[in-house]
Amino acid sequence: MNTQYKKGVLELCVLSMLKDKDRYGYEISDNLSKSIDIADGTVYPILRKLKSDGLVTTYLSEESGGPPRKYYSLTELGKSTFENDRAEYLEFAKTVESMLKEKTDEKE
Amino acid sequence: MKKNEFLAQLKNELKKNNAAETEDIILEYEQHFAFKMADGYSEEEIAAKLGEPKAIAAQFDSAKDEGGKAAGGGFFLKLGLGFAAVFEALFYILFLAWDIVLAAAAIAIFVLGGCLVTTLNISALIPYMPFLGSLVFGISVLGLAGIFGVASVYCFAFLRQMIKASVRWHKNMVSASPLPPLPCNPQFDPKTRRRMRTVLLGALAVFGVFFVLGFVVLALQAGALGFWHHWNWFV
């Protein structure tokens, strides 16, 4: 699949992962690369962009026996943006899906 | 590609792109390596899965150029900074002197403790003390030396970090593309910090316990609470 295309959706995926609980960078990167075929390195720039856009904040949390982990957490703005974008995307995806299906049906 | 090579390349590319908070970004990738390596992946595999450093660096926004904010500008700004630097330097010299005093005290106390423990009384500088009392008391003095030692190391790190932060601040004031400010307090890595805390608490405990113990032993040996009168220390 087109990488450029995927990247736009990835932001939404990251936000959805942070919706229920705060996670640290590696956790997000690991989870995403398990289900979507992307280079591991792409997630961190997205996190940073979300942070500079004010959708997430970070804090350090010291774990027992290890370096402090940087946790990402949704801001209020992040939460509302996620809800909006999510609804928009689902609507969009539904339309695209139905259009694509019609096309293949015609061919057959 | 090995971890260090990957990180060095990434850092280089980020600098080229004038990315903001380079150190912070590198730290994030370092942690990624750490987690993956703990899962048993080799450094080469991890680097390959991360992607090309150049491609990654390109995905980070470059720092906002604030149109040469005060760049080269402001004669008064520079004059002010110059004056500030002079006062800062005076403060740092004072702080350094304080730190040297601390370090010297730590060494002197350590030597005293050593002399007491080994009952090495160079030209009778130390007042008379029977062996057992001298040993116990000496150990407490060594603990005190430990406290002073940690304090002087901490103060020195503090001074270093303050100077670093201030240099960064001065540079940022006249630079068009400011770097993130540095913290003022000493930045020890967690391992060193834990070790220093352990040493400090240990030394404190040794000092406290053996000081009281030494007092008791000396009082018993002299048969008087004011044992210093018994051996005529201050005569």
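Angle, helix A:25-35 long axis vs. longest principal axis of chain A, Cα atoms, 0 to 90°, nearest 10?
The answer is roughly 30 degrees.
What full-extension length gain, to one decimal in nm, is calculated for residue B:195 and residue B:23 as 0.36 nm per residue of separation minus the Cα-Cα distance?
So the extension gain works out to 59.4 nm.
Per-residue mean of other chain beta-carbon atoms within 10 angstrom of the beta-carbon, peptide A:46-55?
Neighbouring Cβ atoms belonging to other protein chains average 2 per residue here.
Tabulate in residue order the Karplus-calculated ³J(HN,Hα) for the stretch B:195-209, using 6.51 cos²θ - 1.76 cosθ + 1.60 with θ = phi - 60°, rounded to whole Hz; enter x for Gly and Pro.
5, 5, 5, 4, 4, 4, 5, x, 4, 4, 5, 4, 4, x, 5
Whole-Hz Karplus ³J(HN,Hα) for the stretch A:76-83, in order, using 6.51 cos²θ - 1.76 cosθ + 1.60 and θ = phi - 60°, x for Gly and Pro?
Once θ is set to phi - 60°, the couplings for the stretch A:76-83 become 4, 4, x, 5, 5, 4, 4, 4 Hz.
Quick one: ranking A:57, A:42, B:118 by accessible area, 1.4 Å probe, largest first, what do you get?
I get B:118, A:57, A:42, largest accessible area first.
Find the eigenvalues of the gyration tensor of the Cα atoms of chain B, then list the square roots of 5 times those eigenvalues as equivalent ellipsoid semi-axes, largest first, in whole angstrom.
54, 28, 11
Would you grab the residues whose amide H sits under 5 Å from the one on residue A:24? Only those 5+ places off in sequence or on another chain, please, with H modelled 1.01 Å from N.
A:72
Nearest 100 Å² is fine: how much accessible area is buried between B and A, summed over both sides, with a 1.4 Å probe?
1800
In nm, give the distance between the simple-model label positions of residue A:62 and residue B:209, each being 7 Å from the Cα along the Cα-to-Cβ direction.
Between residue A:62 and residue B:209, the label points sit 2.4 nm apart.
Treating the angle as unsigned and between 0 and 90°, give the value, to the nearest 10°, between the Cα long axis of helix B:131-174 and the longest Cα principal axis of chain B.
Once rounded, one gets 20 degrees.
Rounded to the nearest Å, what's the spacing between the alpha carbon centres of the stretch B:180-235 and the stretch B:83-124? Just the number, please.
After rounding, the separation between the Cα centres reads 16 Å.
By how many degrees, 0 to 90 and rounded to 10, does the Cα axis of helix A:43-52 deviate from the longest principal axis of chain A?
80
The values are calculated or read from the model by the stated rules, or taken from the named source; none is laboratory data. Everything numeric in this text was worked out from a predicted model, so none of it was measured. We place every Cβ from the backbone using ideal geometry, glycine too, and count neighbours over all the protein chains shown. Side chains are part of the model used for accessible areas, which takes the heavy atoms of the whole protein and leaves out ligands, DNA and RNA. Shrake-Rupley method; radii C 1.70, N 1.55, O 1.52, S 1.80 Å.
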